[in-house]
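Rule-based calculations on the coordinates, nothing more; no lab input. Remember, it's a predicted structure, so these values are computed and weren't measured experimentally. So basically every Cβ, Gly included, is an ideal-geometry build from the backbone, and we count neighbours across all protein chains shown.
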Amino acid sequence: MNIHVFQNQQELNEAGAGIITSLVQMQPKAVLGLATGGTPVGIYEELVKTFNKGRVSFKQVTSFNLDEYVGLPIDHAESYHAYMNHHLFSHIDLPASSAHIPNGNAGDLEAECQRYNDLLEEAGQIDLQILGLGHNGHIGFNEPDDALTSGTHIVELKAETREANARFFDSIDEVPTHALTMGVGTILKAKTILLIVRGADKAEIVHRALTGPITTEVPATLLQTHPHLVVLLDAEAGRLFK
Ligand code: F6R
């Protein structure tokens, strides 16, 4: 595992965008696993700048998002479909047909999970999976539990996850109770995983995730088993790493 601690957000953003850019430059048909939430926003901004300078094209890239809320219309500003369009997809040349996000409004959610798994299977292997980290150690929306699911599945969000995400909504009552998420099997199958963590409030959980005992009660501890894990931390989140 490679852990890098950055003194400021800009350096972290440039490093994250640089890793994605290099991969796509070397491998134009790369398969990217994408995350939403507050953490990757600055990295997507840098990526758009790099694209605008003509240094990278996403025309042949395929992307898979980690998750989507259940029952939130895709035109709701906080749906992950809207997020991805706003922060990345509407600014780059990734074809819409190559950008996959689970459909949290499907009539048959089980069938939608199967459809997403089939698409992932067809794509083979994700080359680079971007991950943020939940305060409770979740990755994607794989919440702490006594057992975890390998493939895409429906999940009931924990109270702490809904509380953390309430900052994006008018009130916590508006935060959906369920989501569709890629499973830990798919995440761990990625060739390289890029974990990004920011902020003092995540210093303890990221330290526990990367150095503590491996347990499904902290899903991110499973990342310790991955042979190509790159971790980008800001100074606050990296406080406990010497
Ligand atoms: C987002 C996702 C989540 C977030 C995590 C951290 O697609 O799968 O695991 O990465 O909840 O969220 P932020 O970045 O908002 O702190």
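Restricting attention to the stretch 1-76, which trypsin sites (Lys or Arg not before Pro) occupy a DSSP loop and are surrounded by at most 14 other Cβ atoms within 10 Å?
On the way: sites: LYS29, LYS49, LYS53, ARG55, LYS59; in loops: LYS29, LYS53, ARG55, LYS59.
In loop regions of the stretch 1-76 (DSSP not H, G, I, E or B), the sparsely surrounded trypsin sites (Lys or Arg not before Pro) are LYS29, LYS53, ARG55, LYS59.
Could you work out the helix-only [θ] at 222 nm for the chain, with each DSSP H run of four or more residues adding -39,500 (n - 2.57) and the total divided by the number of residues, to the nearest 500 deg cm²/dmol? Write down the numbers at each step before the final one.
Numbers: 7 runs with 75 residues, N = 242.
Helix contribution divided over all residues of the chain: -9500 deg cm²/dmol.
Mean Kyte-Doolittle of at least -0.5 and a Cα length of 18 Å or more along the axis: which whole DSSP H helices of the chain meet both? Don't jump to the answer; show the numbers that get you there.
Working: long enough: 9-26 (26 Å, 0.17); 109-123 (21 Å, -0.85).
Span-like helices in the chain: 9-26.
Among ALA166, PHE51, GLY199, flag the residue with its Cα farthest along the positive direction of the charge dipole of the chain, charges on Cβ as +1 for Lys/Arg and -1 for Asp/Glu.
The residue sitting farthest along the positive end of the dipole is PHE51.
Report, in cubic angstrom per residue, the convex hull volume of the C-alpha atoms of the stretch 163-215. Write out the running numbers ahead of the final one.
Working: hull volume 7.2 nm³, N = 53.
Each residue corresponds to 136 Å³ of Cα convex hull volume.
Where nothing but the Cβ of Lys and Arg (+1) and of Asp and Glu (-1) is charged, how large is the charge dipole of the stretch 128-242 around its Cα centre, in debye to the nearest 20? Spell out each step's value before the answer.
Numbers: 10 positive and 14 negative charges, 132 e Å.
For the stretch 128-242, the charge dipole is close to 640 debye.
Under a GNM of the chain (C-alpha, springs under 10 Å), which listed residue has the highest mean-square fluctuation: ALA111, ALA15, ALA220?
Residue with maximal mean-square fluctuation among ALA111, ALA15, ALA220: ALA111.
Given Cα pairs under 8 Å that are at least 6 residues apart, what percent is the relative contact order of the stretch 2-231? If you can, show how the numbers build up before the last one.
Numbers: 421 pairs, mean separation 48.3, N = 230.
That works out to 21 percent.
Residues of the stretch 108-134 with amide nitrogen under 15 Å from the 7 Å Cα-to-Cβ point of HIS228?
124-131
Connecting C-alpha atoms closer than 10 Å in a GNM of the chain, tell me which of ALA209, ALA179, ALA96 has the biggest fluctuation.
Result for the chain, Cα springs under 10 Å: ALA96 fluctuates most.
Is the stretch 31-153 best put as rounded, prolate or oblate by its Cα gyration tensor, with a ≥ b ≥ c the root eigenvalues, rounded for a/c under 1.5, and otherwise prolate when a/b is larger than b/c, oblate when not?
Working: a/c = 1.57, a/b = 1.44, b/c = 1.09.
Verdict is prolate for the stretch 31-153.
Which value in nm describes the separation of the simple spin-label points at ILE172 and LYS29, placed 7 Å from the Cα toward the beta carbon?
It works out to 4.8 nm between the two label points.
Quick check on the chain: what does the Kirkwood estimate of hydrodynamic radius come out to from the alpha carbon pairs, in Å?
Details: mean 1/r = 0.0558 Å⁻¹.
Evaluated on the chain, it is 17.9 Å.
What lysines sit close enough to LYS53 to cross-link, taking a C-alpha to C-alpha distance under 29 Å and skipping anything fewer than 8 places away on the same chain?
Excluding near neighbours in sequence, the set is LYS29, LYS191.
Please get the size of the charge dipole for the stretch 2-231, origin at its Cα centre, with Cβ charges of +1 on Lys and Arg and -1 on Asp and Glu, quoted in debye to the nearest 20. List each step's numbers first, then the result.
Working: 14 positive and 28 negative charges, 217 e Å.
The dipole of the stretch 2-231 has a size of about 1040 debye.
Given labels modelled 7 Å from the Cα in the Cβ direction, how far is it in nm from ILE3 to SER90?
About 3.9 nm, to one decimal.
If I model a spin label at ALA159 and VAL41 as a point 7 Å from the Cα along the Cα→Cβ vector, what separation in nanometres do I get?
Inter-label distance under the simple model: 2.7 nm.
Answer with one residue from ILE20, LEU34, HIS87: the one whose Cα lies farthest towards the positive end of the charge dipole of the stretch 2-231, charges on Cβ with Lys, Arg +1 and Asp, Glu -1.
It is ILE20, whose Cα lies furthest towards the positive end.
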